[in-house]
Amino acid sequence: MTAENAAMTGLHPVDEKLPVWRLGAYGLQHVLAFYSAAVIVPILVAGALHLPRETLIHLIDADLFTCGIASLLQAVGFGPVGVRLPLLQGVTFTAVGPMIAIGSAVGGGTPGLLSIYGSVIVAGFVTLLMARHFAGLVRFFPPVVTGSIILIIGLALLPVAANDIVSGASPSVMQDHVPLRSIWYGLGTLASILVIQRLFRGFIATIAVLIGLVLGTLVAWVLGDANFGEVSSAPLLSITHPFYFGMPTFHPVSILSMVIVMTISMIETIGNVYATGEIVDKPITSEDIARTLRADGIATMLGGVLNSFPYTCFAENVGLVRMTAVKSRWVVAAAAVIMMMLGCLPRLGALVAAVPLPVLGGAALAMFATVAVVGVQTLSRVDFNRQSNVIIVGTSIGLSMLATAQPHISDTFPMWAKIVFGSGITLGSLSAISLHLIFNVKRTIHEAAHAMDVPRESLIDERIREG
């Protein structure tokens, strides 16, 4: 939506309802950019718990279907639930290690899944209860903290894009032999996106990522590196229903682990909400954070019921909003409907899954780097003449890169600590928050006291002016 149209209609660009055909194109673009990251969690969990292929297929379908419901909760919202911003929901990667540990503790297989689902349901309920209290932490998120977290999110995601480009096994494994053809697919897709953005304006420019993905896939297909054979062999219809694998089991230690996961996830969610707020030019209040976390909690509870996993805002798609400048939350609603269709129509899912990883990586490289740029923009409001701000930003980025560049550093820690040290985003975010409390403690206490008399929105505006 242009500034002129916004002025004429009186609507914020976030709330504009675009024509159906545009919503479909923009929504599909989000889904393609999101797909590989969305399905990796069920793949990893199924492999670790030694689940059969039929179970894996059902987990992927259930994941996509529930992703759609979760995204509708967040983008469209109802009552006090959902932030009503263009934020796509996906399964949090932070939960992978703990979920594998929870499932393995009871012997893996279906009993492992049921133990995971029990902990997920309770953790989602706890998140729902904690939403309002957690939202009170907004006063501890000035630009020096939010900017650091947004920058860290962008930088920590880049190895994921790089891994896709080189057809790697995992971002935590250094690819020894890099296929030259994979690099050309990735860089060719990136180049096509840049060319489209440079030569075209309007609608074509806003679907540059979609066009780049289609072109890259077609080239790979012509050269024999994209296979659509699974499309015809996939089932026509697959409907997930509550407790498909049986009734969940509840174990106190497993529940505690998942509650810790969701606490960490809430911190990352706040960073993604702030990043999106910056992009769409909409100030974020404590009530926005509470609405976001309530949606996360309900979506996570639904995940446990509908045979999926914990849900959170996906940073992967924040960069796409920035690249395309399409700010309407109804685009995410369209993407949500498409994901629900993919979850019910496996042949459509197989068609999307045929996009080669290097092609996805080329597009992701641009999107993830764009998230980092948003963090730089936020940090531009920070007064770096204050040594404390330099320490907060520098140390947080450094610790984040430690966990990102050396992911196996978490292997030496107990499970509860692996949740922190196993993710550069988590470690960096906690560092930014903690260092702000330590180095700006007097200022923090003053703001906390001031917040009792000043409306939250006014406090945020004041903090932005101060940097």
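The values are calculated or read from the model by the stated rules, or taken from the named source; none is laboratory data. Computed from a prediction, not measured in an experiment: that's the story for all the values here. Cβ sites come from the backbone with ideal geometry, for glycine too, and all protein chains shown count toward neighbours. Only protein heavy atoms, including side chains, enter the accessible area calculation; ligands, DNA and RNA are left aside. Shrake-Rupley method; radii C 1.70, N 1.55, O 1.52, S 1.80 Å.
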Given Cβ charges of +1 for Lys and Arg and -1 for Asp and Glu, the option among Val280, Ile100, Ala403 whose Cα lies farthest towards the positive end of the dipole of the chain is Val280
Restricting to Cα pairs under 8 Å and 6 or more apart, the percent relative contact order of the stretch 226-334 works out to 31
Read-out Rg and Dmax of the Cα atoms in Å, candidates [x] 27.0, 94; [y] 21.7, 70; [z] 21.3, 66; calculated match is [z]
By the Cα gyration tensor axes a ≥ b ≥ c (a/c under 1.5 gives rounded; else a/b larger than b/c gives prolate, otherwise oblate), the shape of the stretch 43-180 is oblate
With a 1.4 angstrom probe the carbon and sulfur portion of accessible area for the chain, in percent, totals 69
Of the residues Phe250, Trp221, Asn317, the Cα lying farthest along the dipole of the stretch 220-318 towards its positive end, which is defined by charges on the beta carbon of Lys, Arg, Asp and Glu, belongs to Phe250
The chain accessible area per residue, 1.4 Å probe, protein heavy atoms, integer Å², reads 41
If every Lys and Arg gets +1 and every Asp and Glu gets -1 at its Cβ, then about the Cα centre the stretch 254-314 yields a dipole, in debye to the nearest 20, of 180
Using alpha-carbon positions, the gyration tensor of the stretch 1-116 gives root eigenvalues a ≥ b ≥ c; with a/c under 1.5 called rounded, otherwise prolate if a/b exceeds b/c, else oblate, the class is prolate
Whole-percent tail of the Cα-Cα distance distribution for the stretch 171-307, cut at 26 Å, equals 61
TM-like helix rule applied to the chain (DSSP H, alpha carbon span at least 20 Å on the long axis, mean Kyte-Doolittle at least -0.5) gives 20-48, 53-75, 109-135, 143-165, 180-199, 208-222, 252-280, 286-305, 329-344, 357-379, 387-405, 424-439
Note on the chain: contact order normalised by length, alpha-carbon pairs under 8 Å, 6 or more apart, percent, works out to 32
Given unit charges at Cβ for Lys, Arg (+) and Asp, Glu (-), the dipole magnitude of the chain about its Cα centre in debye, nearest 20, is 360
So, over other residues within a Cβ distance under 13 Å of Ile204, counting Lys, Arg +1 and Asp, Glu -1, the net charge is +3
